[in-house]
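Data block below; observations after.
The values are calculated or read from the model by the stated rules, or taken from the named source; none is laboratory data. Bear in mind the structure is a predicted one, so any value in this text is a computation, not a measurement. With ideal geometry, Cβ positions are generated from the backbone for all residues, glycine too; neighbour counts draw on all protein chains shown. For the accessible areas, the whole protein counts, side chains as well, though only heavy atoms, and no ligand, DNA or RNA atoms are used. Shrake-Rupley method; radii C 1.70, N 1.55, O 1.52, S 1.80 Å.
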Amino acid sequence: MTAPTTAAPARGRTHPGWWQEAVIYQVYPRSFADADGDGCGDLAGIRSRLGYLRDLGVDALWISPFYTSPQADGGYDVADYRAVDPVYGSVADADGLIADAHALGLRVVVDVVPNHCSDQHPWFHQALREGPGSPLRERFHFRPGRGADGTAPPNDWISLFGGPAWTRTTDPDGTPGEWYLHLFAPQQPDLNWDSPAVQDEFRSILRFWLDLGVDGFRVDVAHGLVKAPGLPDLGHREQLALLAEKRVPYFDQDGVHEIYRSWRTVLEEYPGQRIAVAEAWTDTLDRTARYVRPGELHQAFNFKFLNASWDADQLRELVALSLDAMRAVDAPTTWTLSNHDVVRHATRYADGDPARGVRRARAAALLMLALPGSAYLYQGEELGLPEVTDLPDEVRQDPSFLRPDGGNGLRDGCRVPLPWSGTEAPYGFGPVPGGPAWLPQPAAWAALSVEAQAGDPRSVLELYRSALSVRRSHPALGAGRAVEWLDLGPGVLAFRRDSAEGALICTVNTSGRPVPVDGSALGVLLLCSAEPPSAVAAGAAGGGAGFLLPADSTAWWQAP
């Protein structure tokens, strides 16, 4: 097994900081590709499909957790941060995957989960075994209960997955003991980042994977590591939310930034521009920008954009606010439409009409890829996959669904294994026709497979391939900090992006009906998410050559 210390070579244009314009593809390993036929995706499966990602036109892949885990929360409950869970393969498989990706010009970003670990982690096991007073307990949030007999939780926090955010332990002598904090499932005890041992351990974990050659990290729950001193009551018993409308004692505390400044020092010890991106749910974009100030992390996900409605005015406002917030700290903006935790955007945008959802998803993809900065794609969005909303209860595995007082298990619906080929499940996800898949795939997905869409110019897959090709070659796309807004009337979002070598105009019609525009200033059509805009009578759109922008569509124009 080799241990490369340099990152992937750059693909396409080069800029200071490859991440400033990168298109990064999220791989949820359990659902991407299954090489051994057990029904679960694995690292060998990812490795076998790297050519697909290269040909799609992305710059990097981000792989969700593949570490040793009891899988109480899809791998986000880590028992060993330096080992690969046998269901996914081995460290040697990870090493080979990274080497193969680099040979293809792809960079590799991996998840790191620092807010919590698994209750099967050796530290937590030992803390329980040794009982109150154990030094290991200082690495978690153990507290005595309230009341004379300690039967009430230490505070009023509620888990994001439902129920109390505290679980009571049993002491070694069999008597009821202290409580421990878990903002997520009870199998995911929160780590105490006031502990120097926790801080040292994660710097060591970063170096382990950097030594193996990874190009960076996606930081899970990056806003949650530090809790307010004393763990004060919230003041109500409502379920916690990742995206709080105001700052709360368990999220976005200022102390997290000292942690990330120390991580940045570790990243800069390595050549090849290694990066970190924050999953930081904050109440404002200005708070998000604090995570990417000079000397901290490189990127932060833009969840305000992900949650935006299909409305030109709201989208314009959020794009402008996002660019302003990141420009203030000299950081690139990121854009994403879906991930492994949210309903797929083809369904979110549908408003009850699946065909409308696909039209809007195609248009949103071109909007996202035209904006300045970096874009994150979630596996399967390039196929136009919808959310699977009719999974039987008995197959669901989202811990929020499994808890009696939890949620609706919505995350399973976006994690159904990908369809690659063939006319019957598992559609090439595994090596055996008719073989298993850990979640059942809809029959309609035969028409959405990579094989079914490849070469069809009207398919979502070919739209993504074309868009990524144009993005890579057009000098006005990719990195940047600003756009020039254009006024094309109600329901239309339009902007221009300029470079020394050329300019591009992006028009987005969110109105749900064709909209006439004056085409004299738009230029030559490069790409459209729907049927190409049709010409209308001269002067019909206010003077020059006119066009009808199709409903729920985005078009790219080579500007004059």
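When you count, for each residue, the other Cβ atoms within 10 Å and take the mean per peptide, how do 375-382, 265-272 rank with the highest first?
On the way: 375-382: 25.4, 265-272: 14.4.
Those peptides, ordered most packed to least, come out 375-382, 265-272.
Residue by residue, the stretch 55-72 carries 3J(HN,Hα) couplings of 5, 4, x, 7, 9, 7, 10, 10, 9, 5, x, 10, 6, 4, 7, x, 6, 6 Hz when phi is fed to the Karplus relation 6.51 cos²θ - 1.76 cosθ + 1.60 (θ = phi - 60°); x denotes Gly or Pro.
Mind checking the per residue accessible area of the stretch 110-250 for me, 1.4 Å probe, whole number of Å²? Write out the running numbers ahead of the final one.
On the way: 5410 Å² over 141 residues.
For the stretch 110-250, the per-residue accessible area is 38 Å².
Whenever you get a sec, compute what percent of the accessible area on the chain sits on carbon and sulfur atoms (1.4 Å probe). Whole-percent figure for carbon plus sulfur exposure: 53.
In this structure, the amide hydrogen of Thr167, modeled 1.01 Å from its nitrogen in the peptide plane, lies closer than 5 angstrom to those of Tyr180, His182, counting only residues at least 5 positions away or on a different chain.
Solvent-accessible area per residue in the stretch 478-537 equals 43 Å², computed with a 1.4 angstrom probe and all protein chains kept. When all protein chains stay in place and ligands, DNA and RNA are ignored, the 1.4 Å accessible-area order of Trp556, Trp485, largest first, is Trp485, Trp556. Which of the listed residues, Cys506, Ser134, Gln379, is farthest toward the dipole's positive end in the chain, when Lys, Arg count +1 and Asp, Glu count -1 at the beta-carbon? Ranked along the dipole, the leading option is Cys506. Put simply, the amide H of Leu377, placed in the peptide plane, has neighbours under 5 Å in Ile24, Tyr25, Gln26, leaving out anything fewer than 5 places away on its chain.
With +1 on each Lys and Arg Cβ and -1 on each Asp and Glu Cβ, and nothing else charged, work out how big the dipole of the stretch 84-170 is about its Cα centre, in Debye to the nearest 20.
Charge dipole, the stretch 84-170, about its Cα centre: 440 debye, nearest 20.
Only DSSP H runs of four or more residues enter the estimate; each adds -39500 (n - 2.57), and after division by the residues of the chain the mean residue ellipticity at 222 nm equals -7000 deg cm²/dmol.
Backbone phi angles across the stretch 41-54, fed through the Karplus curve with coefficients 6.51, -1.76 and 1.60 (θ = phi - 60°), yield HN-Hα couplings of x, 8, 5, 5, x, 4, 4, 6, 10, 4, x, 4, 5, 4 Hz in residue order; Gly and Pro are listed as x.
Among 169-180, 473-484, how do they line up from the highest to the lowest mean number of other beta-carbon atoms within 10 Å?
473-484, 169-180
Here the chain carries DSSP beta bridges of which approximately 60% are antiparallel, counting only pairs with both residues inside. Using C-alpha pairs under 8 Å with a sequence gap of at least 6, the mean separation divided by the residue count of the chain gives a relative contact order of 14 percent. Take every Cα pair under 8 Å whose residues are at least 6 apart in sequence, average their separation, divide by the length of the stretch 173-294, and the relative contact order is 29 percent. Listed peptides 463-472, 491-500 appear in the order 463-472, 491-500 once ranked by packing, highest mean of other Cβ atoms within 10 Å at the front.
Other residues whose C-beta falls under 13 angstrom from the C-beta of Phe140 contribute a net charge of -3, scoring Lys and Arg +1 and Asp and Glu -1.
The equivalent ellipsoid that matches the C-alpha gyration tensor of the stretch 312-416 spans semi-axes of 29, 17, 12 angstrom, in descending order.
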